[in-house]
Amino acid sequence: MSRPGPERTATGLAGLDCDPGETLLSVRDLRTYYESGDLIGGQPVKAVDGVSFDVKKGETLGIVGESGCGKTTLGRTLVRLEAATGGEVRVGDDDVTQLSGEDLQAWRRNAQVVFQDPESSLNDRMTVGEIVREPLDVHDWGTPAERRARVRSLLEKVGLQEEHYYRYPHQFSGGQRQRVGIARALALEPEFVVLDEPVSALDVSVQAQILNLLMDLQEELGLTYLFIAHDLSVVEHICDRVAVMYLGNVMELGPTEELFEDPANPYTRALLSAVPEPDPTAEIDRMTLRGTPPSPRDPPQGCPFSTRCPVKIRPEGFEDVDDETWEAIEVFRETLRARSRAERSLSEQAREFLGFETRFATVDEVVEELFADRELPGSIREPVDRATDLARDGDEAPALDHLREELGSVCDHEPPAAHGVDATARESRCHRHDDEYEEPAAVGPSVGDAE
Amino acid sequence: MVADSSRSDAGTAAEPADDRLLEVENLQTVFHTERETIRAVDGISFGIAEGETLGLVGESGSGKSVTARSIMGLVDSPGELLPDSSIRFDGRELTGLSETQYESVRGGGVAMVFQDPLSTLNPVYTVGNQIEEALSLHRGLSGLEATEKAIELLEDVGIPDAARRVSEYPHEFSGGMRQRAVIAMALACDPDLLICDEPTTALDVTIQAQILELLADLQEEHGLSILFITHDMGVIAEVCDRVAVMYAGEVVEQAPVVELFENPRHPYTRGLLRSIPSTQRGADRLETIEGEVPTPNAPATDCRFAPRCPEAFDACREVHPEPVPVATETADADADHTAACLLYPEDETREQAVDRHAIEDAPPGAGAVDSGGESR
Ligand code: SF4
Ligand code: SF4
């Protein structure tokens with residue numbers, strides 16, 4: 001068998017040689033869970049919790065979401081830096097999550113990563129030339145002379161000079177280091193590159209240079225990108241399609257333009273409306289979200305966004321309760337959730353055990369503060385009182401269960417399925433796309449470039 | 001517009017200095033290293049009126065954070081403020097104060113919120129303890145009274161279940177909650193001026209939105225003046241009344257926020273605004289500013305932006321531009337808009353303009369030393 005060299009054309013993995021526009025990767029119900037190091041509890045962290053999407057050859061698919069949404073783990077799982085715990089990643093007839101031996105080698109050659117932080121991802125004791133050459137050495141690519149020539153041409157491709165070959169990363173600026181990272185990722189002529197926040201550590205003016213470079217390289221080399229970022233304006237600029245992640249799930253997926261113009265999912269809408277526009281005359285009509293995302297160790301049972309969703313569906317019979325009262329109930333539930341997550345120190349457990357007052361014994365104060373001035377109908381008063389009783393003993397879980405049973409809606413009980421939301425194969429996971437409910441756009445403020 | 005008398009006021013004379021809560025003049029903060037002296041902040045002037053938010057925007061290395069630390073009296077050796085620098089807060093000169101005197105400034109009038117809340121919070125004390133300490137130091141509260149006030153402050157900054165959380169440790173707080181706690185600590189000393197150094201940069205965008213909303217509410221409630229430092233033009237557009245753009249230790253442009261975005265005059269500001277993807281919807285390629293920000297390690301004898309400036313001409317490498325008013329037809333108050341660029345004032349010929357910069361830049365009494373520079 002001849003080793004890969006300059007004349008190599010085939011990738012070594014049949015599915016990778018498909019034509020532009022065809023499906024390169026087919027991700028189905030992918031899960032990546034981490035075992036938690038905890039002795040108590042021991043729930044796994046569900047970093048990626050069942051996502052499905054295709055990546056087409058030659059496109060840039062954006063993965064956006066806030067920290068902890070699982071976007072980085074997803075990227076790392078696709079390139080086999082993390083092991084999937086479920087689902088599959090199809091490339092032709094192969095499942096990337098199951099590859100081994102030579103096939104895995106072929107996948108590793110063809111699936112590369114550019115990391116966010118060029119500072120820590122480059123070995124400071126190697127010269128730039130060595131850093132870019134390393135993957136060629138590891139995969140025994142070509143002859144030594146061919147490798148050196150390849151490195152030189154790579155440096156030139158990413159806008160560095162010949163004389164940079166013998167310099168060290170710390171002699172470079174952030175933008176230049178990121179160019180080195182890109183050259184290294186491209187050394188083995190990959191088909192698929194995961195760009196994990198490649199410009200978020202860079203200044204705006206340098207960021208624009210790197211984005212242009214990435215687009216040029218894609219065009220020249222026919223690369224397929226998975227572009228992971230939290231900066232929505234960057235994603236809007238560079239991606240063909242976008243997947244919006246929240247708590248390990250893809251909430252919305254579709255062509256960039258449509259998604260930004262008229263976001264369908266309540267989470268996408270909240271996210272877009274939170275971005276400050278570089279226009280001081282823009283009117284701010286924002287859906288400010290309450291609280292922080294729940295722990296991926298203990299995601300909500302129904303919709304992942306249900307603990308913060310500003311347009312969450314009310315359960316039947318409660319549609320007429322005034323907004324503030326209903327908000328108070330959601331805050332009550334959020335407070336109990338936060339308490340159930342809080343660690344109790346040993347001394348606190350001891351105090352509780354001995355019957356001393358602890359900081360956890362104030363659930364009545366919380367209820368007092370939230371509901372004292374409100375007229376509560378019996379259908380709300382009763383479950384709140386019962387939950388208060390349950391929580392008073394310091395165990396919030398049964399209280400939360402009770403509230404969910406009595407005051408929860410479809411959003412609390414069932415994970416929403418993906419609905420097609422327009423003609424462009426866009427899908428969004430939200431119960432509001434069911435015919436019996438009003439669409440998210442009809443109940444929240446207007447969001448998107450469209451208006 | 002006010003008179004043209006004094007050299008340092010030539011560009012910035014928008015208001016009589018005493019009217020403003022904070023007045024920074026010719027601030028120069030340098031850091032001495034073995035090899036060189038870095039002029040991190042190199043002769044900048046600006047002021048902040050009561051209740052006003054001034055944005056300080058720039059890329060890394062522009063000197064915006066050092067400016068904040070200089071005002072807070074947090075520049076330690078090997079850094080120092082050069083003798084001509086002046087920082088007046090509420091009429092009082094802050095440069096040259098002893099550490100103890102500065103303590104009272106930090107505790108009384110000026111408070112700061114940093115990018116990383118963990119740099120302010122001590123991990124071994126509860127959040128409540130730390131706010132209570134600030135309260136005892138600055139307001140003389142103690143015991144139950146202090147605890148109650150701490151809870152109240154945490155509620156003010158939107159921390160739910162504050163009565164419980166007051167006894168938690170910083171690590172039990174999420175990033176956004178920590179930043180709220182730091183803001184609560186800042187409020188504990190009842191400041192008039194809040195310096196926010198990239199307070200939302202490390203936060204997710206939905207959390208950033210919460211914090212910006214909180215700051216706006218607090219500003220209104222307490223009549224705070226805010227110096228808001230960020231690299232994010234979107235945040236600038238949202239929170240600021242006026243903006244100063246920094247580049248390599250200098251303020252290169254200063255204007256009311258709408259004027260700055262609609263009518264940027266300095267080539268750097270223009271480039272900066274154009275390299276933001278969301279200002280270029282639909283464009284295939286982003287406009288860029290080629291090259292990188294230089295490290296200012298010598299007194300400027302040229303325009304520091306010249307190597308990257310698409311409009312640079314010969315004199316740009318010989319004459320150091322000073323802030324000058326940049327007249328525009330649309331702006332009602334042209335005195336409020338200054339740019340440090342040899343292209344201005346626009347109504348003068350190129351030579352006149354260059355001469356004016358050369359004279360203003362020359363040390364007092366030295367005459368127009370450099371006036372030959374532009375004729376080459
Ligand atoms: S399913 Fe319910 S909670 Fe989830 S996004 Fe839709 S409306 Fe909101
Ligand atoms: S002074 Fe010259 S180099 Fe500097 S910004 Fe103006 S035109 Fe450009």
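What pairs come up if the first residue lies in segment B:21-39 and is in contact (Cβ under 8 Å) with a residue 40 or more places away in the chain, the second is open to solvent by 40 Å² or more (accessible area, probe 1.4 Å) and hydroxyl-bearing (S, T, Y), and their beta carbons are under 8 Å apart, counting only those six or more places apart or on different chains?
Close Cβ pairs satisfying both conditions: B:E25/B:S8; B:N26/B:S8; B:V30/B:T37; B:F31/B:T37; B:I38/B:T295.
From the list B:T206, B:T230, which one is open to solvent by less than 10 Å² (accessible area, probe 1.4 Å), within 12 Å of another protein chain (Cβ to nearest Cβ) and within 16 Å of ligand 1 (Cβ to nearest atom)?
B:T206
Can you go through B:P296, B:P323, B:P307 and tell me which one is open to solvent by less than 30 Å² (accessible area, probe 1.4 Å) and either modelled with pLDDT of 90 or more or within 16 Å of ligand 1 (Cβ to nearest atom) (or both)?
Testing whether each residue is open to solvent by less than 30 Å² (accessible area, probe 1.4 Å) and either modelled with pLDDT of 90 or more or within 16 Å of ligand 1 (Cβ to nearest atom) (or both) leaves just B:P296.
Filter segment B:233-267 down to the residues that are among the aromatic types (F, W, Y) and open to solvent by 20 Å² or more (accessible area, probe 1.4 Å) and list them by number.
Within segment B:233-267, the subset among the aromatic types (F, W, Y) is B:247, B:261.
Correct list: B:F261 only.
So for segment B:95-115 (the condition being within 13 Å of the chain's Cα centre (by Cα), closer than 30 Å to B:I207 by Cβ and within 14 Å of another protein chain (Cβ to nearest Cβ)), does at least one residue qualify?
Checked segment B:95-115: no residue is within 13 Å of the chain's Cα centre (by Cα), closer than 30 Å to B:I207 by Cβ and within 14 Å of another protein chain (Cβ to nearest Cβ).
I'd like to verify a number: residues in segment A:425-450 that are under 12 Å from A:R269 (Cβ atoms), outside any loop (DSSP other than H, G, I, E, B) and open to solvent by 20 Å² or more (accessible area, probe 1.4 Å), how many?
Residues that pass the stated criteria total 4.
Scan segment B:80-96 for residues that are open to solvent by 40 Å² or more (accessible area, probe 1.4 Å) and farther than 17 Å from B:G43 by Cβ and report the count.
5
Does segment A:184-207 contain any residue that is open to solvent by 40 Å² or more (accessible area, probe 1.4 Å), in the same structural domain as A:V96 (by TED's automatic domain parsing) and of a type in the set (G, A, S)?
Checked segment A:184-207: at least one residue is open to solvent by 40 Å² or more (accessible area, probe 1.4 Å), in the same structural domain as A:V96 (by TED's automatic domain parsing) and of a type in the set (G, A, S).
When the residues of segment A:331-376 are narrowed to those that are open to solvent by 60 Å² or more (accessible area, probe 1.4 Å) and at pLDDT 80 or above, which ends up farthest from the other protein chains (Cβ to nearest Cβ)? Working first, answer last.
So in segment A:331-376, the residues open to solvent by 60 Å² or more (accessible area, probe 1.4 Å) come out as A:341, A:343, A:346-347, A:349, A:351-357, A:364-365, A:368-369, A:373-375.
Those still in the list that are at pLDDT 80 or above too: A:364-365, A:368-369, A:373-375.
On the way: A:D364: 11, A:E365: 6, A:E368: 11, A:E369: 9, A:D373: 16, A:R374: 17, A:E375: 23 Å.
My answer is A:E375.
List pairs: first in segment B:57-74 and in the same structural domain as B:S86 (by TED's automatic domain parsing), second among the small types (G, A, S) and open to solvent by 10 Å² or more (accessible area, probe 1.4 Å), Cβ under 7 Å, 6+ apart or cross-chain?
Every condition considered, the pairs that remain are B:G63/B:A40; B:V66/B:A40.
Return the pair list, or none, for Cβ contacts closer than 8 Å from residues in segment B:268-284 that are more than 8 Å from chain A (Cβ to nearest Cβ) to residues that are polar (S, T, N, Q), at least 6 apart or on different chains.
Taking only residues 6 or more apart or on different chains, the pairs are B:R274/B:Q280.
How about segment B:23-141: which strands (runs of 3 or more DSSP E) wholly inside it have at least 3 residues that are modelled with pLDDT under 95 and of a type in the set (S, T, Y)?
Counting at least 3 such residues, we get no strands (runs of 3 or more DSSP E) at all.
Looking only at segment B:310-319, which residues are near ligand 2 (Cβ under 9 Å from one of its atoms) and crowded, with 19+ Cβ neighbours inside 10 Å? Step through it out loud before you land on a result.
Of the residues in segment B:310-319, the ones near ligand 2 (Cβ under 9 Å from one of its atoms) are B:310-313, B:315-317, B:319.
Scanning segment B:310-319 gives B:A315, B:C316, B:V319.
Starting from residues that are in contact with an Asp or Glu (Cβ under 9 Å, 6 or more places away or on another chain) and open to solvent by 40 Å² or more (accessible area, probe 1.4 Å), keep the ones in segment B:148-157 and report whichever is farthest from the other protein chains (Cβ to nearest Cβ).
B:K149
Looking at the structure I just gave you, is A:L122 at pLDDT below 90 and aliphatic (A, V, I, L, M)? Spell out the reasoning first.
On the way: at pLDDT below 90: yes; aliphatic (A, V, I, L, M): yes.
Spelling it out, A:L122 is indeed at pLDDT below 90 and aliphatic (A, V, I, L, M).
Please tell me if B:R164 is basic (K, R) and open to solvent by less than 80 Å² (accessible area, probe 1.4 Å).
Details: basic (K, R): yes; open to solvent by less than 80 Å² (accessible area, probe 1.4 Å): yes.
Judged against the criteria, B:R164 is a match.
Filter segment A:51-69 for residues that are over 16 Å from A:L195 (Cβ atoms) and modelled with pLDDT under 95 and give the result.
Scanning segment A:51-69 gives A:E66, A:S67, A:G68, A:C69.
Between a residue in segment A:271-288 that is open to solvent by 60 Å² or more (accessible area, probe 1.4 Å) and any residue that is of a type in the set (S, T, Y), which pairs come within a Cβ distance under 8 Å, given they are 6 or more apart or on different chains?
So the pair list comes out as A:E277/B:S278; A:D285/A:S273; A:D285/A:S446.
At the interface with chain B (Cβ under 7 Å from one of its Cβ atoms) and either farther than 25 Å from A:L160 by Cβ or in a helix (DSSP H, G or I) (or both): does that describe A:V206? Walk me through how you get there before you give the answer.
On the way: at the interface with chain B (Cβ under 7 Å from one of its Cβ atoms): yes; either farther than 25 Å from A:L160 by Cβ or in a helix (DSSP H, G or I) (or both): yes.
Yes: the conditions hold for A:V206.
For segment A:289-312, name all the residues that are surrounded by fewer than 21 Cβ atoms within 10 Å (Cβ to Cβ) and away from ligand 1 (no atom under 15 Å from the Cβ).
Across segment A:289-312, the qualifying residues are A:S295, A:R297, A:D298.
For segment A:236-257, give me each residue that is within 14 Å of another protein chain (Cβ to nearest Cβ), away from ligand 1 (no atom under 16 Å from the Cβ) and not polar (S, T, N, Q).
Those that are within 14 Å of another protein chain (Cβ to nearest Cβ), away from ligand 1 (no atom under 16 Å from the Cβ) and not polar (S, T, N, Q): A:E236, A:H237, A:I238, A:C239, A:D240, A:V242, A:E257.
Looking at A:V242, A:V250 in this structure, which one is within 26 Å of A:C18 (Cβ to Cβ), modelled with pLDDT of 95 or more, among the hydrophobic types (A, V, I, L, M, F, W, C) and open to solvent by 10 Å² or more (accessible area, probe 1.4 Å)?
Step by step, each of A:V242, A:V250 is checked, and only A:V250 is within 26 Å of A:C18 (Cβ to Cβ), modelled with pLDDT of 95 or more, among the hydrophobic types (A, V, I, L, M, F, W, C) and open to solvent by 10 Å² or more (accessible area, probe 1.4 Å).
Determine which single condition B:P160 fails, assuming it passes every other condition in (1) in contact with a Gly (Cβ under 8 Å, 6 or more places away or on another chain); (2) assigned to a helix (DSSP H, G or I); (3) without any contact (Cβ under 8 Å) to a residue 40 or more places away in the chain.
Evaluating B:P160 over (1) in contact with a Gly (Cβ under 8 Å, 6 or more places away or on another chain); (2) assigned to a helix (DSSP H, G or I); (3) without any contact (Cβ under 8 Å) to a residue 40 or more places away in the chain leaves (2) as the failure.
If you go through segment B:121-135 one residue at a time, do you hit one that is open to solvent by less than 60 Å² (accessible area, probe 1.4 Å), in contact with a strand residue (DSSP E or B) (Cβ under 7 Å, 6 or more places away or on another chain) and not assigned by TED's automatic domain parsing to the domain that holds B:C240?
no
The values are calculated or read from the model by the stated rules, or taken from the named source; none is laboratory data. Small disclaimer: the values here were computed from a predicted structure and weren't measured. Methodologically, a virtual Cβ is constructed for each residue, glycine included, from the backbone with ideal geometry; neighbour enumeration extends over all protein chains shown. SASA here: full protein model, heavy atoms, side chains in, ligands and nucleic acids out. Shrake-Rupley method; radii C 1.70, N 1.55, O 1.52, S 1.80 Å.
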